[in-house]
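Reviewing the structure listed below.
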């Protein structure tokens with residue numbers, strides 16, 4: 001039994017072993033990695049992940065990562081494959097098969113099926129003598145690593161596979177010019193998806209915004225701001241939009257002794273802040289916080305669309 005004082009040492013040794021495994025992986029990837037990325041990027045069908053044991057679980061995670069990047073992917077159970085599920089595989093699909101030893105007999109039906117039907121295989125293994133290695137079109141051979149803790153317990157090898165699959169996914173995403181906006185299309189739910197939503201979907205259109213004339217008196221401007229519940233009103237002058245916020249009104253009360261003669265034209269901001277309609281919610285919030293304002297006008301192709309407010313954005317994220 002490990003004494004309490006040695007528990008921390010054990011933990012650090014495990015992590016050190018896995019770091020060493022990742023360092024070996026970093027040095028070992030080369031041309032085959034590039035070929036794998038190119039094959040995935042040029043795929044006309046699905047990317048199918050299959051493995052045995054712990055590798056199967058890790059490949060399920062990799063499958064989710066690829067799907068989130070808009071790449072059609074699913075996992076195939078080796079055993080089920082030998083009992084009818086091979087029919088799911090089409091000629092345009094790409095198989096990604098991972099096995100540290102590469103020797104599992106459970107792969108045999110899939111390897112034979114792929115060879116017969118000319119289906120491309122990306123094989124990930126540490127064994128260049130294995131059937132998996134020999135039957136793969138792209139042979140991603142990584143270094144053999146020492147498992148952390150117990151030789152029979154997959155630790156360092158599984159950490160290595162997670163990192164390698166992540167590296168493939170990110171490399172594919174960058175080669176395809178995948179953007180944050182693209183990511184948002186596949187993550188509409190949750191805070192992450194919401195934060196990537198374009199502000200155009202949340203703006204208040206110009207037809208529903210409170211407007212006053214350039215000669216509107218101060219008292220009526222206050223009433224208009226209060227009734228609009230946006231903390232501002234807009235002023236249209238010669239096809240140009242100006243803005244008056246409740247902050248402008250507060251500053252006017254300090255600046256002018258007699259407010260009876262103050263009109264919209266005296267206190268409005270002639271060049272208010274605009275953002276493009278395709279900016280994400282998270283970026284809009286950053287801009288609002290940085291400029292210490294609560295509203296932004298939104299345009300698209302230099303055409304004024306409407307207004308977005310900090311309150312609306314935060315309420316949207318909180319739902």
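The values are calculated or read from the model by the stated rules, or taken from the named source; none is laboratory data. Owing to the predicted nature of the structure, the values given are computational and were not obtained by experimental measurement. Neighbour counts run over all protein chains shown; Cβ positions are idealised from the backbone, glycine included.
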Subject >> Members of the range 281-319 that are more than 18 Å from residue 248 (Cβ to Cβ) and assigned to a strand (DSSP E or B) >> reply: 298, 299, 300, 303, 304, 305, 306, 308
Original post:
If you take the residues of the range 121-140 that are touching a residue at least 60 places away in the same chain (Cβ under 8 Å) and buried (at least 19 other Cβ atoms within 10 Å of the Cβ), which of them is nearest to residue 52 (Cα to Cα)?
Top reply: 122
Original post:
Name the residues in the range 201-221 that are surrounded by fewer than 17 Cβ atoms within 10 Å (Cβ to Cβ) and part of a helix (DSSP H, G or I), would you?
Top reply: 201, 207, 208, 219, 220
Subject >> Residues satisfying the stated conditions in the range 287-304, i.e. over 19 Å from residue 231 (Cα atoms) and free of Cβ contacts under 8 Å to residues at least 40 places away in the same chain >> reply: 299, 301, 302, 303
Original post:
In the range 156-188, what residues are modelled with pLDDT under 90 and farther than 18 Å from residue 43 by Cα?
Top reply: 179, 180, 181, 182, 183, 184, 185, 186, 187, 188
Original post:
Which condition does residue 106 not pass, out of (1) loosely packed, with under 15 Cβ neighbours inside 10 Å; (2) in contact (Cβ under 8 Å) with a residue 40 or more places away in the chain, if it passes all the others?
Top reply: (1)
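Quick check on the range 33-40. Is at least one of its residues assigned by TED's automatic domain parsing to the domain that holds residue 170, within 25 Å of residue 154 (Cα to Cα) and touching a residue at least 24 places away in the same chain (Cβ under 8 Å)?
Going through the range 33-40, the residues assigned by TED's automatic domain parsing to the domain that holds residue 170 turn out to be 33-40.
Add one more test, that the residue is within 25 Å of residue 154 (Cα to Cα), and what stays is 33, 36.
Retained after the next criterion (residues that are touching a residue at least 24 places away in the same chain (Cβ under 8 Å)): 33, 36.
Yes, there is a match, as at least one residue in the range 33-40 is assigned by TED's automatic domain parsing to the domain that holds residue 170, within 25 Å of residue 154 (Cα to Cα) and touching a residue at least 24 places away in the same chain (Cβ under 8 Å).
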**OP:** Filter the range 128-140 down to residues that are in a loop (DSSP other than H, G, I, E, B) and touching a strand residue (DSSP E or B) at 6+ places or on another chain (Cβ under 8 Å), then give me how many there are.
**Re:** 3
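Among the residues of the range 248-273, write down those that are within 36 Å of the chain's Cα centre (by Cα) and either in a helix (DSSP H, G or I) or modelled with pLDDT of 90 or more (or both).
Result: no residue meets the conditions.
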**OP:** Quickly run through the range 222-247 and pick out the residues that are surrounded by fewer than 20 Cβ atoms within 10 Å (Cβ to Cβ) and either free of Cβ contacts under 8 Å to residues at least 24 places away in the same chain or not in a strand (DSSP E or B) (or both).
**Re:** 222, 223, 224, 226, 227, 228, 229, 231, 238, 239, 246, 247
Original post:
Among the residues of the range 66-77, is there at least one that is touching a helix residue (DSSP H, G or I) at 6+ places or on another chain (Cβ under 8 Å), surrounded by 21 or more Cβ atoms within 10 Å (Cβ to Cβ) and either modelled with pLDDT of 90 or more or farther than 30 Å from residue 177 by Cβ (or both)?
Top reply: no
Original post:
residue 177 versus (1) under 19 Å from residue 35 (Cα atoms); (2) surrounded by 14 or more Cβ atoms within 10 Å (Cβ to Cβ): which is the lone unmet condition?
Top reply: (2)
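Does residue 93 satisfy being surrounded by fewer than 22 Cβ atoms within 10 Å (Cβ to Cβ), at pLDDT below 85 and over 23 Å from residue 156 (Cα atoms)? Talk me through it step by step, then tell me what you get.
Details: surrounded by fewer than 22 Cβ atoms within 10 Å (Cβ to Cβ): yes; at pLDDT below 85: no; over 23 Å from residue 156 (Cα atoms): yes.
It is false that residue 93 is surrounded by fewer than 22 Cβ atoms within 10 Å (Cβ to Cβ), at pLDDT below 85 and over 23 Å from residue 156 (Cα atoms).
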**OP:** Could you figure out which of (1) within 19 Å of residue 37 (Cα to Cα); (2) modelled with pLDDT of 90 or more; (3) in contact with a helix residue (DSSP H, G or I) (Cβ under 8 Å, 6 or more places away or on another chain) isn't true of residue 133?
**Re:** (3)
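Residues checked against (1) closer than 18 Å to residue 112 by Cα; (2) at pLDDT 90 or above; (3) surrounded by fewer than 12 Cβ atoms within 10 Å (Cβ to Cβ); (4) out of contact with any strand residue (DSSP E or B) (no Cβ under 8 Å at 6 or more places or on another chain):
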site	(1), (2), (3), (4)
6	no, no, yes, yes
17	no, yes, no, yes
24	no, yes, no, yes
33	no, yes, no, no
37	no, yes, no, yes
41	no, yes, no, yes
**OP:** Among residues belonging to the range 248-283 that are surrounded by fewer than 13 Cβ atoms within 10 Å (Cβ to Cβ) and either in contact with a strand residue (DSSP E or B) (Cβ under 6 Å, 6 or more places away or on another chain) or outside the structural domain of residue 294 (by TED's automatic domain parsing) (or both), point out the one that is nearest to residue 213 (Cα to Cα).
**Re:** 270
